[in-house]
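Chemist: Structure in structure tokens, see below.
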Amino acid sequence: KTKKNLLKQQYGNFKAEGSETLEQTFNRLQVIVSQLQFMDVEIKQDDRNQKFLTSLAPEWLMHTIVWRNRSDLNTMSLDDLYNHLKVYESEVQKKSEPNSQNMAFISSAKHNSGNKEVNIASGSTASINVSTASANIRVASISQDTAYAYIASQFSGS
């Protein structure tokens, strides 16, 4: 009886741990579910899938939102759900690591050439490392073409 209650509590509080991989999280949940089934505690397929999705790390948020709203989630096995998510694991891992983003640095100047004004826009790109502490912070990347087009449009009216 106590073991059954402990397992129910473990299932209820189940969350991915720290640097745990998708597979490790899946395996831990499978062990708890299997032990509960052995003790004649049935958990609906949809509940298992929802539990797995809601237990994943924040980096999985976009994928979990999509999968939680699928109409076939209540009939899909936990194994199938895991295999579908496994496809995205490398993408999700890249998002959770310190990210290298390109940022454009743009300067513009007006030069007088005789009695004619010439607008010059110059740009360079630098790669910066953006480390993420607890939240996944993204730095917008501005392409040179977009930046140059913007500068040119600002000077075209002068």
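The values are calculated or read from the model by the stated rules, or taken from the named source; none is laboratory data. Quantities reported herein were computed from a predicted structural model and do not represent experimental measurements. Cβ placement follows ideal geometry from the backbone for every residue including glycine, while neighbour counts extend to all protein chains displayed.
Chemist: Would it be correct to say that R28 is in contact (Cβ under 8 Å) with a residue 24 or more places away in the chain and either assigned to a helix (DSSP H, G or I) or not assigned by TED's automatic domain parsing to the domain that holds Y82 (or both)?
Modeler: On the way: in contact (Cβ under 8 Å) with a residue 24 or more places away in the chain: no; either assigned to a helix (DSSP H, G or I) or not assigned by TED's automatic domain parsing to the domain that holds Y82 (or both): yes.
The answer is no for R28.
Chemist: Let me ask you something else. Inspect region 61-70 for any residue being modelled with pLDDT of 90 or more, β-branched (V, I, T), touching a helix residue (DSSP H, G or I) at 6+ places or on another chain (Cβ under 7 Å) and within 25 Å of S34 (Cβ to Cβ) and give the result as yes or no.
Modeler: Taking region 61-70 first, the residues modelled with pLDDT of 90 or more are 61-70.
Cutting the leftovers down to β-branched (V, I, T) gives us 64-66.
Narrowing further to those that are touching a helix residue (DSSP H, G or I) at 6+ places or on another chain (Cβ under 7 Å): 64.
When the remaining residues are screened for being within 25 Å of S34 (Cβ to Cβ), the result is 64.
Checked against the condition, which is being modelled with pLDDT of 90 or more, β-branched (V, I, T), touching a helix residue (DSSP H, G or I) at 6+ places or on another chain (Cβ under 7 Å) and within 25 Å of S34 (Cβ to Cβ), region 61-70 yields at least one hit.
Chemist: Run N69 past the list (1) closer than 21 Å to K95 by Cα; (2) exposed (fewer than 12 other Cβ atoms within 10 Å of the Cβ) and report the number of the one that doesn't hold.
Modeler: So the condition that N69 fails would be (1).
Chemist: Give the residues of region 17-43 that are at pLDDT 95 or above and either small (G, A, S) or in contact with a strand residue (DSSP E or B) (Cβ under 6 Å, 6 or more places away or on another chain) (or both), sorted by residue number.
Modeler: S34
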